[in-house]
Amino acid sequence: MQRITPDLRQPLFRTQSTRTVEAEAAARLPPHTLMQRAGAATARLARALAPHARQVWLACGAGNNGGDGLEAAALLQAAGLPVAVTCLTDDPSQLPTDARASWQRARNAGVRFVGQPPALGAQDLAVDALLGLGLTAAARPVPPDSRLLACLAALRGSAATVLHVDLPSGLLADTGQYAPGLEPDAPPGRGARHTLALLTLKPGLFTALGRDAAGDIWLDTLGAAPPTAGPDAWLAGRPDTPPRPHASHKGRFGDVAVVGGEALAQRGMGMTGAALLAASAALHAGAGRVLISLLGDAADADPALALQPECMPRHFDALPLDRATLVAGCGGGTAIAGVLPVLLQQAPRLVLDADALNAIAGEARLQRLLAARASQADWATVLTPHPLEAARLLQCSTEAVQADRLAAAQALAERLACTVVLKGSGSVVAAPERVPLVNPTGNARLATAGTGDVLAGLLGARLAALPPATAFDAAAGACWQHGQVADDWPQERACTALALARALTPDAARTV
Ligand SMILES: NC(=O)C1=CN([C@@H]2O[C@H](COP(=O)(O)OP(=O)(O)OC[C@H]3O[C@@H](n4cnc5c(N)ncnc54)[C@H](OP(=O)(O)O)[C@@H]3O)[C@@H](O)[C@H]2O)[C@@H](O)CC1
Ligand SMILES: [K+]
């Protein structure tokens with residue numbers, strides 16, 4: 001069993017791939033072995049998480065996830081713990097074969113079966129074995145049974161430590177969304193939350209609503225052989241940032257040019273701050289030189305630029321498009337559309353964010369110019385949409401993007417032939433013909449204006465540095481570093497976008 005941390009890259013498998021792993025393992029082992037191993041791993045972690053529990057309550061569903069819970073209940077009872085089980089079926093003949101055997105073992109061990117969830121205190125432990133990999137998203141004609149809903153509400157609101165077996169019940173393994181009718185309808189309880197993933201890690205644990213539902217994640221492969229097929233996605237690990245040689249000069253770390261920051265005078269909505277944040281991030285992340293080209297009359301940016309004298313203002317026409325890494329769109333307003341055709345056709349390394357994405361979504365010609373970049377050898381293009389911007393580009397709703405974030409990011413990457421960072425909880429990095437990646441770092445402190453601009457600037461710096469990173473690796477590294485700085489942020493200090501930009505370093509070290 002291992003605890004999952006952001007440092008190590010991990011393979012992720014969707015439901016279908018996990019089913020293959022399960023079938024291959026089950027075929028090699030005596031009957032019931034996998035469930036016994038799953039129950040033993042659950043019992044072991046349960047005891048480690050709540051060594052002083054006065055009560056251990058296990059909520060067990062009517063499938064094999066429930067079987068894992070029943071198996072754990074038998075072992076915990078045998079170890080002398082005060083165990084109570086609520087089982088969603090009163091008739092064991094309704095259980096699948098393995099789960100039926102575990103039900104019998106729990107009975108034989110003397111486990112107490114209770115109809116209703118018991119009251120639990122903060123030192124107690126609840127084990128969630130209601131629904132796992134067998135959960136389906138299809139809407140059901142009959143509403144979920146009231147005992148299931150009561151158990152889910154008790155688990156979710158519990159003050160006790162909760163250990164979810166394989167998946168938090170109700171959460172879909174592939175997407176990190178809840179199945180219809182099983183969404184939480186109250187704020188979560190204050191107890192610690194853990195998930196013990198079995199056989200494989202599933203992408204839904206790490207993106208969309210999965211992070212909040214799952215808490216700390218553990219993996220037990222149950223001794224199953226690694227899957228023969230490659231993973232469906234990767235959980236990113238700490239990026240490999242090469243050390244900077246002593247004999248360095250600024251040319252080695254590249255020029256980043258930020259284009260955006262529509263002036264207040266343009267439409268009465270000043271957005272120069274966004275471009276300045278991206279520029280500051282690029283500078284602190286180690287770009288050799290940072291140029292900034294503001295759109296429109298930049299007079300209102302002068303005081304801010306004076307505070308960051310390392311950033312060099314440039315007219316758009318004076319930018320070295322062929323040599324610099326361009327970060328375009330941060331606070332770009334409508335003015336960005338005017339310079340996009342030139343950027344798309346002349347800038348070999350390009351990060352497109354915010355209003356640049358909105359402009360592209362609204363103009364077929366810009367989409368064609370974007371897709372055409374793929375035919376240029378060694379050109380790199382990264383898009384950094386949040387879910388609404390991705391929805392505009394895909395011409396669908398935000399809900400459709402969030403319903404399967406991995407699939408949406410991949411679809412966008414294939415359609416526009418570039419690297420895509422779909423931002424949000426568990427940012428997804430996708431590129432044509434690459435296995436997508438989910439970022440494990442970051443937290444809700446990043447949900448504040450300007451942090452997206454910081455990410456774009458950081459990405460620009462990673463793309464500009466030598467030795468050259470691929471667009472995919474630069475994007476993955478930037479997401480990881482951006483989130484890690486927020487994860488290391490001192491509790492008592494406000495995490496504003498500017499402070500975040502200034503906490504970046506060239507080597508992804510912890511510096512806050
Ligand atoms: N086999 C093995 O050896 C091993 C299996 N393992 C374990 O088995 C788990 C998978 O077990 P599984 O396939 O039996 O499905 P499971 O997650 O228990 O769910 C089935 C239940 O869900 C219900 N249900 C479905 N959708 C629903 C909805 N929308 N809304 C409401 N209810 C819904 C469905 O209801 P039904 O369709 O029958 O009405 C049925 O009652 C896996 O996660 C791991 O823990 C591991 O121990 C390794 C060894
Ligand atoms: K579960």
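Does Val114 satisfy the criteria of being surrounded by 22 or more Cβ atoms within 10 Å (Cβ to Cβ), among the aliphatic types (A, V, I, L, M), out of contact with any Cys (no Cβ under 7 Å at 6 or more places or on another chain) and on the phi < 0 side of the Ramachandran plot?
Answer is no for this residue.
Being surrounded by 24 or more Cβ atoms within 10 Å (Cβ to Cβ) and part of a strand (DSSP E or B) is the requirement here; does Val421 meet it? In short, yes.
Please pick out the residue among Val114, Val85, Val127 that is more than 29 Å from the chain's Cα centre (by Cα), closer than 30 Å to Gly176 by Cβ and either hydrophobic (A, V, I, L, M, F, W, C) or near ligand 1 (Cβ under 10 Å from one of its atoms) (or both).
Sole residue among the options that is more than 29 Å from the chain's Cα centre (by Cα), closer than 30 Å to Gly176 by Cβ and either hydrophobic (A, V, I, L, M, F, W, C) or near ligand 1 (Cβ under 10 Å from one of its atoms) (or both): Val85.
Within segment 471-494, residues that are surrounded by fewer than 24 Cβ atoms within 10 Å (Cβ to Cβ) reach partners that are in a helix (DSSP H, G or I) and among the aliphatic types (A, V, I, L, M) with beta carbons closer than 6 Å, at six or more positions or on different chains, in the pairs Ala486/Leu446. Within segment 47-69, being more than 16 Å from ligand 1 (Cβ to nearest atom), in contact (Cβ under 8 Å) with a residue 40 or more places away in the chain and in a helix (DSSP H, G or I) holds for one residue alone: Leu49.
Residues that are over 23 Å from Ala497 (Cβ atoms) and in contact with a helix residue (DSSP H, G or I) (Cβ under 7 Å, 6 or more places away or on another chain): list the strands (runs of 3 or more DSSP E) wholly contained in segment 284-368 that include at least 1 such residues. In segment 284-368, 349-352 are the strands (runs of 3 or more DSSP E) which contain 1 or more residues that are over 23 Å from Ala497 (Cβ atoms) and in contact with a helix residue (DSSP H, G or I) (Cβ under 7 Å, 6 or more places away or on another chain). When each of Ala101, Ala106, Ala72 is tested for being more than 16 Å from ligand 2 (Cβ to nearest atom), buried (at least 17 other Cβ atoms within 10 Å of the Cβ), in a helix (DSSP H, G or I) and in contact (Cβ under 8 Å) with a residue 60 or more places away in the chain, the lone residue that passes is Ala101.
Name the residue that is farthest from Arg105 (Cα to Cα), counting only residues in segment 63-87 that are hydrophobic (A, V, I, L, M, F, W, C) and out of contact with any helix residue (DSSP H, G or I) (no Cβ under 6 Å at 6 or more places or on another chain).
Checked segment 63-87; the qualifying residue farthest from Arg105 (Cα to Cα) is Leu81.
Note on segment 165-192: residues that are over 22 Å from Ala43 (Cβ atoms), within 10 Å of ligand 1 (Cβ to nearest atom) and of a type in the set (Val, Ile, Thr) amount to 0. If you go through segment 134-155 and keep only what is buried (at least 20 other Cβ atoms within 10 Å of the Cβ) and within 12 Å of ligand 2 (Cβ to nearest atom), you end up with Leu135, Leu148, Cys151, Leu152, Leu155.
Looking at Thr241, Thr195, which is the one that is in a loop (DSSP other than H, G, I, E, B) and either within 16 Å of ligand 1 (Cβ to nearest atom) or touching a residue at least 60 places away in the same chain (Cβ under 8 Å) (or both)?
On inspection, the qualifying residue turns out to be Thr241.
Just so you know, all these numbers are worked out from the coordinates, no wet-lab data involved. All figures in this text were calculated on a predicted structure; none of them were measured in a lab. With ideal geometry, Cβ positions are generated from the backbone for all residues, glycine too; neighbour counts draw on all protein chains shown.
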